[in-house]
Every structure is written in structure tokens, then in C-alpha cells.
Amino acid sequence: MATAKRPAARRKTAAPKPEPVKCPDCDGNGEITEAVRVGARKSRITGDHQTGLCLTCWGTGEAPTD
């Protein structure tokens, strides 16, 4: 006697993960730019810029979840 076929099991698809929210300070880049100041009391701004790690998101580019 032949056994009856079972219906194939349905595959469960995982829901797509939501996109992380971009950091408001660095716009999702992870780096911020600061103007370079020179002088005795750092009063004169030069045309140069330096980049640094965003302290809000620690360079990940994602908004912190508090």
C-alpha cells in the first residue's frame, strides 16, 4: 500500500528589517566637519576644514536609540 503524499510545507519569509534612521547631526555620514580657527584666542576662521567622528552616533551614521 502506498503512503499518501503530504502537502509541501510553506516557507516563511522573514519580514524585511526597517531602514535605520539617519543621524541628525552628520546626515548618516558618520563624520562632521569643523572650521579651523587660528590665532591667540582662536578668533580667525581660515578656509580650511577638518573632519572628525560624529559624537552623537559614534561614526555609525545611525540615530541613537534612547
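Evaluation of residue 3 against the conditions (1) hydroxyl-bearing (Ser, Thr, Tyr); (2) at pLDDT 80 or above; (3) more than 12 Å from the chain's Cα centre (by Cα) shows that the sole unmet condition is (2).
Selection within region 1-40: residues that are part of a loop (DSSP other than H, G, I, E, B) and among the basic types (Lys, Arg). The member of this set that is nearest to residue 61 (Cα to Cα) is 17.
Select from region 9-25 the residues that are free of Cβ contacts under 8 Å to residues at least 40 places away in the same chain and open to solvent by less than 90 Å² (accessible area, probe 1.4 Å) and list them in ascending order. 15, the sole residue that qualifies. Close Cβ contacts (under 9 Å, 6 or more residues apart or on different chains) running from residues in region 44-66 that are within 17 Å of residue 33 (Cβ to Cβ) and open to solvent by 90 Å² or more (accessible area, probe 1.4 Å) to residues that are part of a strand (DSSP E or B) and small (Gly, Ala, Ser) comprise 45/35; 48/35; 49/35; 50/35.
The values are calculated or read from the model by the stated rules, or taken from the named source; none is laboratory data. Everything numeric here is computed off the predicted structure, so don't read it as measured data. Cβ coordinates were reconstructed from backbone atoms using ideal geometry, including for glycine residues, and neighbour counts include every protein chain displayed. Side chains included, ligands, DNA and RNA excluded: accessible areas come from the protein's heavy atoms. Shrake-Rupley method; radii C 1.70, N 1.55, O 1.52, S 1.80 Å.
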